[in-house]
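Each remark here refers to the structure printed beneath this line.
The values are calculated or read from the model by the stated rules, or taken from the named source; none is laboratory data. What you see is a predicted model, and the numbers here were worked out from it, not measured in a lab. Cβ: placed from backbone, ideal geometry, glycine included. Neighbour counts: every protein chain shown.
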Amino acid sequence: MIAQPAIAVAPADFGVSTARCPRVTTSDYPVISATPRKALRGVLRGAFPCAAASVLLLIGFCPPVATAADSACGQELSRSAAAAEKAVSFRSSEDGWLDASEFLDQTYGFLPVVVPITEPAVGYGAFGALAFIDRPAAKAEDGFGRPNITLVGGLLTENDTRGAMAGDLRHWMGDRLQTLAGVFRASINLDFYGIGRDDSLNSNPLAYNLETSGAGIRAKYRLVDSRFWAGLGYAYATTEVSFDGPLSAPGLRAYRQESSVGGMVPSISYDSRDNLFTPGRGTYADASVGLFSHTLGGDDEFQRVSLTAIHYVPLGQKLHFGVCGGAVLSFGDVPFYLRPFVQLRGAPIMRYQGDETAQAEAELRWQFWQRLSLVGFAGAGAAWNDRERFDNATTLVTGGAGFRYELARKHGLHVGLDAAVGPAGPAVYVQFGSAWIRP
């Protein structure tokens, strides 16, 4: 199962791998290896993005001297203490249903997340994490406010894939500056089906393991008073690859037993979504270029161009329609495990790889009663190697249905379960927010 975490700190989040119309969880982006990131993110996205350790950004501001200021500060502390004494309710005062908004708004409010994993690529397992969610301390301008999120977690699956991660998404300067930082360590067991269409490997894939660890950081600044953001990220990861079978498959010519990846990821994005977790209206678009080289700490010279566009529109009071499209192009000496892959619900992580990939997915959500919703979705994708002739291409169609519960109305957070089917068979994904969540 793949669960959509509140924050997926994976290469995709920093811009390294393709932006999959998610699944961990969950893809892409800069940080760390696209593979680990995708593997983890795919799983965290359905239940996990890559992971391991802990990043903590502490920025403190304290106004200087002044008797009046001291007095005001004391009054504020008294009010805070009184508020803390008030018991937190998990029932909404509006409708009496279960709601975690009040708990999440506490100074030390957190949301324990335990998500079963049923991602076909790694088997059954679980992802567990603590998600700390709060509003920005500074008053953001209307329409721009976003919560700060800190996530610490880990995962384990039946094929012995395991990992740990920590990430922090924070907003500064009245929501004009956004920072995303994370670290991870993971051991991922996957199958290699070739790059593009490979009939010989389609029925007899090569099993391999990725031992990877890394970290990444990204900063985005809002341009003037617009919805546009300019960003810059850096990602570094070390990966050891081991195969159980012979290395005679196409696409493995540049195979190395151990390698490092380091790169900068500049980006430009547009965001008018009405909330971060489960948007009902608005648009998110992002274009990023990953530049990986020896001078930036890596062993290989390659580039990745990632394009993502997501649009949400309400169709009345209870119907919400969304569409997500994305494409990733790779150039240069790209490690096979960082090649783009199709990211759709119903497509196993890293199963459909190519030098270039593209996918699109549409979703209709019907909030038919109170906080309960039904979801239907369908998608199509392709992976190919020759961008001029579209040779050696693999195409696929996926689809499915699911349900949602509005767990935190103030934060716009819906959670639920999706069942999908594709060429490789059925799959189940736990969703924490939108299937296409983007920080």
Handout entry: Checklist (1) closer than 20 Å to Gln431 by Cα; (2) touching an Asp or Glu at 6+ places or on another chain (Cβ under 6 Å); (3) at pLDDT below 95 applied to Gly402, failing item
Key = (3)
Fill in the blank from the handout: For Asp355, the lone unmet condition from (1) closer than 23 Å to Glu119 by Cα; (2) surrounded by fewer than 22 Cβ atoms within 10 Å (Cβ to Cβ); (3) of a type in the set (D, E, K, R) is (1)
Practice task
Could you please tell me which pairs satisfy a Cβ distance under 7 Å, a separation of 6+ or placement on different chains, a first residue in region 216-244 that is surrounded by fewer than 16 Cβ atoms within 10 Å (Cβ to Cβ), and a second residue that is among the aliphatic types (A, V, I, L, M) and outside any strand (DSSP E or B)?
Solution key: Ala230/Leu223
Practice task
Can you confirm whether region 298-305 contains a residue that is more than 20 Å from Asp355 (Cα to Cα) and surrounded by fewer than 17 Cβ atoms within 10 Å (Cβ to Cβ)?
Solution key: no
Fill in the blank from the handout: Checked against (1) modelled with pLDDT of 95 or more; (2) part of a loop (DSSP other than H, G, I, E, B); (3) over 30 Å from Asp99 (Cα atoms), Val289 satisfies every condition except (2)
Exercise for the section: Among the numbered conditions (1) crowded, with 22+ Cβ neighbours inside 10 Å; (2) within 21 Å of Leu319 (Cβ to Cβ), tell me where Thr394 comes up short. Expected result: (2)
Exercise for the section: Within region 212-224, identify whether any single residue is over 29 Å from Ala287 (Cα atoms) and either charged (D, E, K, R) or modelled with pLDDT of 95 or more (or both), and answer yes or no. Expected result: no
Problem - Failed item in (1) at pLDDT 95 or above; (2) more than 20 Å from the chain's Cα centre (by Cα); (3) aliphatic (A, V, I, L, M), with Ala362 passing the rest - result: (2)
